[in-house]
1. I need the per residue convex hull volume for the stretch 84-236, using only the alpha carbons, in cubic angstrom as a whole number.
2. Under 5 Å between amide hydrogens, which residues at least 5 positions from Val456 or on another chain qualify, with H placed 1.01 Å from N in the peptide plane?
3. Only Cα pairs under 8 Å and at least 6 apart count here; give the relative contact order of the stretch 1-96 as a rounded whole percent.
4. How high is the relative contact order of the chain, in percent, with contacts defined as C-alpha pairs under 8 Å that are six or more residues apart?
5. List, in order, the whole-Hz ³J(HN,Hα) value for each residue of the stretch 434-439 obtained from phi through the Karplus relation with A = 6.51, B = -1.76, C = 1.60 and θ = phi - 60°; use x for Gly and Pro.
6. Taking just the C-alpha trace of the stretch 337-493, give me its Rg and Dmax in Å.
7. Under the rule of at least 5 residues apart or a separate chain, name every residue whose amide H is placed under 5 Å from the amide H of Phe266.
8. Tell me the mean residue ellipticity at 222 nm calculated for the chain from its helices only (DSSP H runs of n ≥ 4, each -39500 (n - 2.57), averaged over every residue, nearest 500).
Amino acid sequence: MFLKLQIATADPFKTETDLLVIGCFEKSSAATISSLEKALGGSLKELVTRDEFKGKKDQRLLVSTLAKLPSAQAAVLGLGDPAQLDDAALRVYGATAARLALSEKARSLAITLPDGISGDRLRYLAEGLELGAYRYDRFLTGERKPRRLLSSATLLTKVKISAADRSALALGQAIAAGVATARDLQNDPPNELTPALLAQAAARVARNHKLKVTLFDRKKLEAMGMKLFVAVGQGSAHPPHMAHIVYTPAGKAKKKVVLVGKGLTFDSGGLCIKPAQGMGDMKTDMSGAANIVGLMAAVSALKPNVEVHGIIGCAENMPDGDAYRPGDIFGSLDGKTVEIVNTDAEGRLVLADCLAYARNLKPDLIVDNATLTGACAIALGSNCAGFFATSDTLAEQFARAAREAGEQFWRLPLLDDLKDSLKSDVADLKHTGDRFGGAITAALFLREFVGNIPWVHCDIAGPSLASKAYGIYPKGGTGYGVLTFLRLLETFS
Ligand code: BES
Ligand code: MN
Ligand code: ZN
């Protein structure tokens, strides 16, 4: 948590703070501007006509108050139409305010609550403020270490504050802390976050949240028969690990869900080595795992009536004398044999064994989260993830959760026609197909390992990492999908 978050019944123009943020609907933009102008003693109108601020969504106006108000700066953020202000938009409102405060080097901000926003819905504003205040500065020293940092935020309301308001804020902060955990793990460099350290980080988060956790080292993975998983990690000096976290609700669980995350702490491509350009981004090839760890923390705060298992498969894909090779054949936890074609298609091998492990837990649903294919990023761009589902009902359920969470997930088809390309002459399966439809063939390969358990596969290769900040996401690791998964679990409970 980055912020000391408070709520006060107070007049914005009498509030002392570094940055005052005023949310403004389109319909009341003229009134808001003139009240601010009055408070500032004139001179704002000209600025407003020049900027054409109308309170439209994403519009903003930032002014210095020149000591005419107790706040040093004031910003008006357009909120558009009140009907558009859903939970996700409320979150973006908070995130935009916090990011503005960071860029203006404000230590404190005060933000007005739009009319009618109170109680449970404050959770989303709290989430947004924390998500926008996120920064990763673990490795900055001296001059580069930021000194003026946003550390407190006050929500300003016109009405009386209730206990429900305060607990909603605390819940929102706890959920955002889960997302921040995911982002931190994503941003950690691969020399500081080896497979063993990622598994340990998962265990630490689990213990901090009083969740049960079991760790598996390479020996245990071998003994269980997770041969594909172990093969991927055998070319690295840092052996593979798996963590299994369990959240059990207090009451009787309505469903049992297993979540699986791809945790490649670094993906060099192995012997089929990647080009140097962009290889460094492959430190975030553990985004799926990071998201599941962060999600488990958020789940422990939200306490849905669902039994939730988080499985994270951690390995490093490196070229070495002992690295796995194209042409190798391995067995798997499921029993099927797999011929290796391209050592850069490592994620699906780790996931295949983790999915088979997940299936053995006999859940009602398996959902995985993985930076699986460049093809998915090519298809959908950097701000949208792809997902696959084993039934239309499940796909609709998942799509709705994503929509409500404000994250973009687009369904891709499990086209049976492409299955032929996974046929091998010497083993039960090859693990890659043609270049065309690469995201689909990866999903078809995974499907071989889930049996008949309902399953959703998410390919977050595009949005896991952002090249610039947008919405609730910072530049760098985004924690993409945590909020969608949380929303899905919430709808089950
Ligand atoms: N981790 C990559 C996928 C990826 C690419 C994630 C870009 C994020 C950004 C994955 O392991 C990979 O290398 N996939 C290959 C598969 C191919 C060899 C069949 C790919 O997409 O090129
Ligand atoms: Mn790869
Ligand atoms: Zn990978």
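What follows is calculated from the coordinates using simple rules that are stated; it is not laboratory data. This structure is a prediction, so every number in the text was calculated from the model and none was measured. Cβ atoms come from the backbone with ideal geometry, glycine included; neighbour counts cover every protein chain shown.
1. 163
2. The list, which skips near neighbours in sequence, is Ile366, Val367, Asp368.
3. 34
4. 15
5. Whole-Hz 3J(HN,Hα) from phi for the stretch 434-439: 6, 5, 5, x, x, 5.
6. For the stretch 337-493, the Cα radius of gyration and maximum Cα-Cα distance read 15.5, 49 Å.
7. When sequence neighbours closer than 5 places are left aside, the close amide H contacts are Asn317.
8. -11000 deg cm²/dmol, from helical runs alone.
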